[in-house]
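Only one structure is covered here, and it is reproduced in the block below.
The values are calculated or read from the model by the stated rules, or taken from the named source; none is laboratory data. No experiment lies behind these values; they were computed from the predicted model shown. Cβ placement follows ideal geometry from the backbone for every residue including glycine, while neighbour counts extend to all protein chains displayed.
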């Protein structure tokens, strides 16, 4: 007979993992990661810097100086806490909102701007930066991450592949296929679902009947955990443990971070007031990851208003220099795209290239 209580029992196993509460107080001392004072301050520096980058990117987009842009404010703890737990040899397979992880993994800021403009140079990772360009197709990076992770395993590398999608991405077929394959082959992969409650505009309750996304890991045979995605220490601790498991041959992990994006889904016309209430946004603003971590650091005497102002000014200077370098990058031509498509051009593209050489020389 079908036991209807099994689902309930499973769901009760997935409690939200947290280290800091909304007031910046440690509520789980045993889970407190072993980070030095300098590392704690670096986490804060990165979150503040990234918030400024988000604000300036939105302004640049509105000025017509950037192209596609997906705001990140509210998700800094989820994004940066997870990246901070990685090593240089690890691979990142991001979604389109996950440019901050790429930047802190080594992608130059001007290349991030070029990606936004649709320039092919923005998709060219520098030597030594183990990452793929941001994936636009929803959840396609899940399958790719499984492949990269399996490649790392077959080569005997002590490294992992981490990938990100949103709660909407967890409804895609690629999501289930990628997780199942990773589980079957015990691949060193970390799958992060940043549950920001609404995908583009659909509430998570309408995405799935499951109470958590983390519990979906059970069906494919590996661990899952739901984490407070506004708590950077909880995110760091969860990803660090997942990485340790992976490089020790214990396979993949699914991590659901409960978070919230304060801005629209993208700057391409989305209006979040059509599907989110002001009361809900105000409630989540009280959980702001930067405010929470600031309280924690100030309580330890590790952070001040003056230090934060220095980070803000540095971010503004860096962004100004990066956008200048972006503007100075030669505009891409059709012949550029043809030249980088194949090592040996087929005859039909040779003909097209000759045609465009003539057009571009006028």
If you go through segment 46-90 one residue at a time, how many are part of a loop (DSSP other than H, G, I, E, B) and out of contact with any strand residue (DSSP E or B) (no Cβ under 8 Å at 6 or more places or on another chain)? 16
Select from segment 138-169 the residues that are assigned to a helix (DSSP H, G or I) and either closer than 19 Å to residue 85 by Cβ or at pLDDT below 95 (or both) and list them in ascending order. 141, 145, 148, 149, 152
Check segment 98-109 and report whether any residue there is in contact with a helix residue (DSSP H, G or I) (Cβ under 6 Å, 6 or more places away or on another chain), within 20 Å of residue 149 (Cβ to Cβ) and in contact (Cβ under 8 Å) with a residue 40 or more places away in the chain. yes
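Matching residues to (1) closer than 30 Å to residue 328 by Cβ; (2) surrounded by 24 or more Cβ atoms within 10 Å (Cβ to Cβ):
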site	(1), (2)
118	yes, no
127	yes, no
165	no, yes
172	no, no
184	no, no
So which helices (runs of 4 or more DSSP H) stay within segment 213-329 end to end and still have 3 or more residues that are closer than 20 Å to residue 46 by Cα and touching a residue at least 40 places away in the same chain (Cβ under 8 Å)? 232-247, 289-299, 305-328
Go through segment 170-200 and give me each residue that's part of a loop (DSSP other than H, G, I, E, B) and more than 19 Å from the chain's Cα centre (by Cα). 185, 186, 187
Within segment 114-123, can you find the residues that are farther than 26 Å from residue 199 by Cβ and either modelled with pLDDT under 95 or not in a loop (DSSP other than H, G, I, E, B) (or both)? 114, 120, 121
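What do you reckon, is residue 197 in contact with a helix residue (DSSP H, G or I) (Cβ under 6 Å, 6 or more places away or on another chain), under 20 Å from residue 22 (Cβ atoms) and surrounded by fewer than 21 Cβ atoms within 10 Å (Cβ to Cβ)?
yes
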